[in-house]
Amino acid sequence: MFGSRNRTKYTLMQQDDSETKSISTNHNKEMQSSSSSPELCQQGASINSHQFVDASTTTSSSCFLSFSFYIRSFEFIELILCFVFAAITNVVPLFVVPLNKRSIPYLYTESGDIILDLIHDEELVKETISDTVLIVTCVVGTLILQLLTGLIVHGAGSMDAHKTLCVYSIAFGLNSLLTEAIKNYVGYLRPNFYDLCQTDWDGVVDGGIPACANVDMSNGYKSFPSGHAGTAFTGCTLYTLYLLGNFGINRHRGRYVEEIRRISNCSDAAESAIPTEDRVDEAYRDGEIVTIVLRCQDVPKTTHMIRRIYSILSLLPMAYAFFVAVSRVRDNFHFPADVMVGSAIGFLCSTFAHGLWFPSFPLL
């Protein structure tokens, strides 16, 4: 898509006598002369010659692909590979990293008393956010919300759904791989380990070692890091980043980079016509430079205020992720360090994956 060394440029023209702004392209002539070329913008990688009035309402017709074309395209293969990656990363830690089962901590005094480690002697209580609720809200829920948001903003046939599915597959795959691998490698005991274990102390009295009456105790050794916090922050961060990119205060900045596609037969004469004194914004894609020069415009203050409100509201999914994380400490399933590291893993994985398919987000 970006194999050509030719650069597509948009020119910035300042209007000193006008308080309104518009964004336009200087490629009308070039596009008219090249529209008949069969090599132009293959696989939907083209730019229309119409003017960009507003980035939120502008969609290139080349981005709308029929489903039959999509399943024969490289993007469909990319989506399948993302699904395969997500499936593999959920299974690999189970076989590659064995669970480190620590010995049950206790002290046996000469008088026959058994002293427990108080940090692992918390009461076993019902989870505030169960595994089912977590998956429904932070995985399936955020995915559906993002798909619906993309459908409303970009239309039914855009590649936004493809990007969203790929991003979620990679983000949750990475989060699962890192979280489960660390859990098995560290094998740290949960705060409610004794209750989970249902420890049998009779063997200690007879000179043996304590044993767990609960046969399946693998979950008791997986305190660090928190899987709930990681999953919550992965899904909620993805949706928050998506909302900020589409409705946030800086949503125009970099958005045109997403719309610009390399034009294979762009002439050097068109490039030489660009005024050198104009302000230039540059974005790098696969080693190539896409140069964008935008027209200065005075955005009304009310517009900025509305977008600031949208930016703040976009953080609501993150608030839910924080709630999920702190509930794990309250429910005696994790220590504070567990949820902090788990939250960081989820945030980093989602930020990385989001940037792979939505690189125009201005705050990354």
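The values are calculated or read from the model by the stated rules, or taken from the named source; none is laboratory data. Being a predicted model, the structure only gives us computed values, none of them experimental. Positions of Cβ are backbone-derived with ideal geometry, glycine not excepted, and every protein chain shown enters the neighbour counts.
Here's the yes/no breakdown for (1) under 20 Å from the mean Cα position of the chain (by Cα); (2) farther than 20 Å from Lys126 by Cα; (3) modelled with pLDDT of 75 or more:
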position	(1), (2), (3)
Arg190	no, no, yes
Ala211	no, yes, no
Asn219	no, no, yes
Gly227	yes, no, yes
Thr234	yes, yes, yes
Leu238	yes, yes, yes
Tyr242	yes, yes, yes
Cys266	no, yes, no
Task: Pairs, first over 25 Å from Phe233 (Cβ atoms) in segment 143-165, second charged (D, E, K, R), C-beta under 7 Å, six or more apart - done: His154/Asp160; Met159/Glu75
Task: Selection count where residues are of a type in the set (Ser, Thr, Tyr) and closer than 15 Å to Phe322 by Cα, scope segment 131-141 - done: 1
Open item on the list: Any residue at all in segment 158-170 that's over 14 Å from the mean Cα position of the chain (by Cα), surrounded by fewer than 21 Cβ atoms within 10 Å (Cβ to Cβ) and within 30 Å of Ile312 (Cβ to Cβ)?
Closed with: yes
Open item on the list: Take the residues in segment 88-120 that are among the aliphatic types (A, V, I, L, M) and free of Cβ contacts under 8 Å to residues at least 12 places away in the same chain; name whichever of them is surrounded by the most Cβ atoms within 10 Å (Cβ to Cβ).
Closed with: Val91
Task: Output for segment 319-336, where each listed residue is within 17 Å of Thr179 (Cβ to Cβ) and not in a helix (DSSP H, G or I) - done: Phe333, His334, Phe335
Open item on the list: Tell me whether segment 173-184 contains one or more residues that are within 20 Å of Asn332 (Cβ to Cβ), modelled with pLDDT under 95 and either among the β-branched types (Val, Ile, Thr) or touching a Ser or Thr at 6+ places or on another chain (Cβ under 7 Å) (or both).
Closed with: no
Task: Among the candidates Phe74, Phe95, residue that is at pLDDT below 90 and either among the polar types (S, T, N, Q) or more than 22 Å from the chain's Cα centre (by Cα) (or both) - done: Phe95
- [ ] Being surrounded by 17 or more Cβ atoms within 10 Å (Cβ to Cβ), farther than 23 Å from Phe85 by Cβ and hydroxyl-bearing (Ser, Thr, Tyr) is the filter here, so list the residues in segment 130-157 that pass it.
- [x] Thr137, Thr149
Task: Breaking point among (1) in contact with a helix residue (DSSP H, G or I) (Cβ under 6 Å, 6 or more places away or on another chain); (2) at pLDDT below 50, for Ser33 - done: (1)
